[in-house]
Amino acid sequence: MKPGLYPVVGPPASGKTAWALELALEALRRRGRVWWVGLPHQRAYVYRLLGQKGAFLGLEFLSFQALYYRVVAEAGRLGPLLPGAGRVALVAEALRALSGPQVAPGEARLFARAIAELKRFGLSPFALPKEGEAGRLRRVYFLYERLKGKALDYDDFRRLAGKVPLRLFPRPGLVVVDGFREIGPLDLHFLRRLAQEVPVLLTLELLPEGLEPVEELSPRPIRRQVYALANPVEESRYLLRALKRALAPKALGGEGLAPEEVLVVAPEGRIPGLLLLKDEYGLPLVDGRERALADTEEGERVLALLNPFPTGRDLLALGFSALGRRALRLGLAGEEALRALAEREGLLAEWEAFCALRTPGEDALAWGEAVLRCLGVSDKEPFLARLRLALRVDRANPLSWWRSLLLDETLPPEPQGGVPLLPPLRATGVRARRVYVLEWLAGRYTLEEREDYFLLEDLRERGLLKGLPRRLRGLDPLFQEEMASRGEEVFLLYPEAGPSGPYAPLAQGERPEPLPPASLLEALPHEPFRVEDPTTQAPPPHLEALRRYLECPFRAYALRFNLQEEDGAPGWHLLPKELPRLKEDPQVGPWLSAHREHLEGMAFWVPWQGRRFVLRLDGVRREGKRVHLYRLLPPGKEPDLSPKTRWTEWYALKALLSRKDVEEVFLWVWPWLGAPKPHRKTPYRPKERLPLAEEVEEMAQAAYQAWEKGAFPPKPGPHCYHCHLADVCRKEEV
């Protein structure tokens, strides 16, 4: 081929990679060199395709960044490399200089992304307006470039590669650029320069303006099947059974596919759950997500030390097991809570050792080296490099910045054998013989197009900013088509409903045929252990137990003798036995004296025996034919005399008004250390209609008839969120 730029355009699954591979093989057969430029995660895929064609020498896979680095290095224009974390650190330094020390890592990351986009499209700070948040970005951009000095960030390499002399050695016979949906103006400018010396084959889905394709490919036929499963659990189980059948040898009833011929695409949040089940099903599943330094065992220990709100898990990871186990069991987090726990449990020495380990000395870098050595980190340089950047941002308090920069540090991809579980973006540019796509639902497979914080859509059409692409371009249908065409056979799975209700699929599917069991738990016959519902023939101990029965019979059974679980009144429970001691209390004593007229003659916790159950009245005071009923509450609690939450007072009120020796009944609500408040301004009198009491009586009658049957099954509902039984009603489920 003669030097020149040869654009090839086609939709997903149109054979662009196969077309480019044939041209690359022709160049290799002529003993030429081929540079294949693609996304980093495509490296293993491209080499595997090449290996299937035979043994060849001369093809080298490069990312755009590696290609730019090589071109700049050959021209002798290299400078100190500024990684992505370094850009965030310098932007943070610029923000602190312009806005003060109160700069969060997230804010610095927002500005760094905006600057990276501007540089990627060749725009300087002068292209930005001077007012508003865009003007603030302009000032930060100026100062960032000044602080950067002679260092080169990733976009500087892109800019320099378009200017420096091209000294290609050894000179390639063909350059293939494949796997990209579209290409930016600086990348296109560089490829035009490169095409003046060597042939450049460029495959794209979206062609830039002014570029005419030499070949337009049509989509190839793909076998697609959409399956609807009942819920996400059934979807996962069906996927794992299908994978087991696909990988099993044909002699055992399987399909005999090799692991590299199968691919699974799933939202990133579903991948950890599938990896947990791989041992149960005996499947060679591998994590296809981008590896981060924080995900390694050493990185987890360092992040546990740097956590601003340490937890019991962090303490356990660092070897402080005694305090860590107690904190984990109690669910405590934060320095104040953990210190109080250490003082109470006699583990203050362990807590102080933890605090000493995470407190930098005067020389923070020396402290960092000592900490990494103490934590058993073998490769210290990636951690220390981020610590140096954090010290440049905030030398007085570098720990939060160190932690943030470590969370952003990614590791180079490593080839792994097995069936990869890929998030959507890492599935671009790779294909397989068979692909399973999970959660084929609306909103799952999207590029998340949204307006930029600094430069809205209308600003991107003015002046020098016309070089920036619009953020809202409606590319989601193209992305979804790309995800649905990653293999020769594609199975799109989706759950019909989940905990939040029905889901909206991207395409309607049918129920798949059931697959045979694929794990021991599914194949072995077994009956799960089920505990029978509790039963009793004893009468209800008190009226509130019947009210609980209507909410949940199991809870009523477990708490049938316990009134403190929800009906207790802290503070009031000390009366009347502790009354002399309470009168001497500096807080309670004056309060008791202020309400002496109510307390004198009051009887506390009065049991009133009925024919079928007992009423336990919180407080009762009698003045001749006048009766005062008190509902005693904890401090600050609102009245709870609704028929849904309290029955005793209403049932007692109706019973008292039916007696000849009672003419008036006053109903009071009284919180501890508060003032008694009448539930109604006027007292209740005989022959007065009491709709709430009648409602309570009907509910109590229905609950009593159900109680007499003796069955107490669990009854899930909103009340489960306030239940203190620790989900014991479901412990028997296996």
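The values are calculated or read from the model by the stated rules, or taken from the named source; none is laboratory data. Predicted, not measured: the structure shown is a model, and the values here were computed from it. Virtual Cβ from ideal backbone geometry, glycine too; neighbours counted across all protein chains shown. Side chains are part of the model used for accessible areas, which takes the heavy atoms of the whole protein and leaves out ligands, DNA and RNA. Shrake-Rupley method; radii C 1.70, N 1.55, O 1.52, S 1.80 Å.
Any residue at all in the range 427-439 that is over 30 Å from Arg48 (Cα atoms), aromatic (Phe, Trp, Tyr) and not in a helix (DSSP H, G or I)? Checked the range 427-439: no residue is over 30 Å from Arg48 (Cα atoms), aromatic (Phe, Trp, Tyr) and not in a helix (DSSP H, G or I). If Ser519 passes every condition in (1) polar (S, T, N, Q); (2) within 15 Å of Tyr436 (Cα to Cα); (3) touching a residue at least 40 places away in the same chain (Cβ under 8 Å) but one, which one does it miss? The failed condition is (2). Whenever a residue of the range 156-171 is closer than 27 Å to Arg87 by Cβ and among the β-branched types (Val, Ile, Thr), its partners that are assigned to a loop (DSSP other than H, G, I, E, B) and open to solvent by 30 Å² or more (accessible area, probe 1.4 Å), lying with C-beta atoms within less than 9 angstrom and at least six residues away or across chains, give the pairs Val164/Gly76; Val164/Arg77. For Ala726, indicate whether it is more than 30 Å from Val620 (Cα to Cα) and open to solvent by 50 Å² or more (accessible area, probe 1.4 Å). Here the answer is yes, as Ala726 does meet what is asked.
Of the helices (runs of 4 or more DSSP H) contained entirely in the range 262-376, those carrying at least 2 residues that are open to solvent by 10 Å² or more (accessible area, probe 1.4 Å), of a type outside the set (Phe, Trp, Tyr) and farther than 30 Å from Leu441 by Cβ fall at 297-306, 312-317, 321-330, 335-345, 348-357, 364-374.
Kindly indicate the residue of the range 506-564 that is closer than 30 Å to Val226 by Cβ and among the small types (Gly, Ala, Ser) and also modelled with the lowest pLDDT among those meeting that condition.
First pass over the range 506-564, keeping only residues closer than 30 Å to Val226 by Cβ: 506-519, 521-523.
Of the ones still in play, those that are also among the small types (Gly, Ala, Ser) are 507, 509, 518-519, 523.
Working: Ala507: 95, Gly509: 95, Ala518: 91, Ser519: 89, Ala523: 82.
By that ranking, first place goes to Ala523.
Of all residues in the range 426-468, those satisfying the criterion of being β-branched (Val, Ile, Thr) and out of contact with any Asp or Glu (no Cβ under 9 Å at 6 or more places or on another chain) are Val430, Val437.
Filtering Tyr47, Tyr6 for residues that are modelled with pLDDT under 95 and among the aromatic types (Phe, Trp, Tyr) leaves a single hit, Tyr47. With Gly619, Gly601, Gly589 as the choices, which residue is touching a helix residue (DSSP H, G or I) at 6+ places or on another chain (Cβ under 9 Å) and more than 28 Å from Gln701 (Cβ to Cβ)? Checking each option against the conditions leaves just Gly589.
Consider Leu407 carefully, then state whether it is open to solvent by 60 Å² or more (accessible area, probe 1.4 Å), closer than 23 Å to Ala85 by Cβ and of a type in the set (A, V, I, L, M).
Numbers: open to solvent by 60 Å² or more (accessible area, probe 1.4 Å): yes; closer than 23 Å to Ala85 by Cβ: yes; of a type in the set (A, V, I, L, M): yes.
Judged against the criteria, Leu407 is a match.
The residue that is least open to solvent (accessible area, probe 1.4 Å), among those in the range 100-113 that are among the small types (Gly, Ala, Ser) and under 17 Å from Ala396 (Cβ atoms), is Ala108. Determine whether the range 463-473 contains at least one residue that is farther than 17 Å from Leu206 by Cβ, of a type in the set (D, E, K, R), out of contact with any Gly (no Cβ under 8 Å at 6 or more places or on another chain) and assigned to a loop (DSSP other than H, G, I, E, B). No, that holds for no residue. For the criterion of being at pLDDT below 95, part of a loop (DSSP other than H, G, I, E, B), at negative phi and in contact with a strand residue (DSSP E or B) (Cβ under 9 Å, 6 or more places away or on another chain), Gly417 passes.
Has the range 120-132 got at least one residue that is of a type outside the set (Lys, Arg), more than 26 Å from Arg450 (Cβ to Cβ), open to solvent by less than 20 Å² (accessible area, probe 1.4 Å) and not in a helix (DSSP H, G or I)? Full working, then the answer.
Of the range 120-132, the ones of a type outside the set (Lys, Arg) are 121-129, 131-132.
Next, from what is left, pick out any that are more than 26 Å from Arg450 (Cβ to Cβ): 126.
Restricting the remaining residues to those that are open to solvent by less than 20 Å² (accessible area, probe 1.4 Å) gives none.
So far as the range 120-132 goes, no, none of its residues is of a type outside the set (Lys, Arg), more than 26 Å from Arg450 (Cβ to Cβ), open to solvent by less than 20 Å² (accessible area, probe 1.4 Å) and not in a helix (DSSP H, G or I).
For Leu188, state whether it is open to solvent by less than 50 Å² (accessible area, probe 1.4 Å) and in contact (Cβ under 8 Å) with a residue 60 or more places away in the chain. So Leu188 does not fit the description; no.
For the range 133-158, the set of residues classified as more than 27 Å from Arg77 (Cβ to Cβ) and either open to solvent by 40 Å² or more (accessible area, probe 1.4 Å) or of a type in the set (Asp, Glu) (or both) consists of Glu133, Arg136, Arg139, listed by residue number. Of all residues in the range 367-393, those that are in contact (Cβ under 8 Å) with a residue 24 or more places away in the chain have Cβ atoms under 6 Å from Cβ atoms of residues that are assigned to a helix (DSSP H, G or I) and open to solvent by 40 Å² or more (accessible area, probe 1.4 Å), 6 or more apart or on another chain, in Leu375/Arg301; Val377/Glu298; Val393/Glu93. The listed residues are Arg470, Arg433, and the only one of them that is open to solvent by 70 Å² or more (accessible area, probe 1.4 Å), under 20 Å from Leu285 (Cβ atoms), charged (D, E, K, R) and in contact (Cβ under 8 Å) with a residue 12 or more places away in the chain turns out to be Arg433.
Working only within the range 23-79, note down all residues that are among the aromatic types (Phe, Trp, Tyr) and open to solvent by 40 Å² or more (accessible area, probe 1.4 Å). Result: Tyr47, Phe56, Tyr69. Among the residues of the range 1-48, the one identified as on the phi > 0 side of the Ramachandran plot and assigned to a strand (DSSP E or B) is Gly4. The number of residues in the range 102-155 being in contact (Cβ under 8 Å) with a residue 40 or more places away in the chain, of a type outside the set (A, V, I, L, M, F, W, C) and closer than 22 Å to Leu81 by Cβ comes to 11.
With Lys654, Lys715 as the choices, which residue is of a type in the set (Lys, Arg), without any contact (Cβ under 8 Å) to a residue 60 or more places away in the chain and surrounded by 12 or more Cβ atoms within 10 Å (Cβ to Cβ)?
Working: Lys715 fails: without any contact (Cβ under 8 Å) to a residue 60 or more places away in the chain.
On inspection, the qualifying residue turns out to be Lys654.
For Leu629, are the conditions met, namely being at positive phi and touching a helix residue (DSSP H, G or I) at 6+ places or on another chain (Cβ under 6 Å)? Before the answer, list the steps.
Working: at positive phi: no; touching a helix residue (DSSP H, G or I) at 6+ places or on another chain (Cβ under 6 Å): yes.
Answer is no for this residue.
Among the numbered conditions (1) closer than 24 Å to Gly417 by Cβ; (2) in a helix (DSSP H, G or I), the only one that Leu257 does not meet is (2). None of Gln480, Gln508 is in a loop (DSSP other than H, G, I, E, B) and either open to solvent by 20 Å² or more (accessible area, probe 1.4 Å) or hydroxyl-bearing (Ser, Thr, Tyr) (or both) except Gln508.
Considering the conditions (1) at pLDDT 95 or above; (2) more than 23 Å from Ala73 (Cβ to Cβ); (3) surrounded by fewer than 20 Cβ atoms within 10 Å (Cβ to Cβ), Leu240 is excluded by exactly one of them, (3).
Report, by residue number, each residue of the range 667-683 that is touching a residue at least 40 places away in the same chain (Cβ under 8 Å) and either crowded, with 19+ Cβ neighbours inside 10 Å or closer than 21 Å to Glu544 by Cβ (or both). Hits for the range 667-683 are Trp668, Trp670, Trp672, His679.
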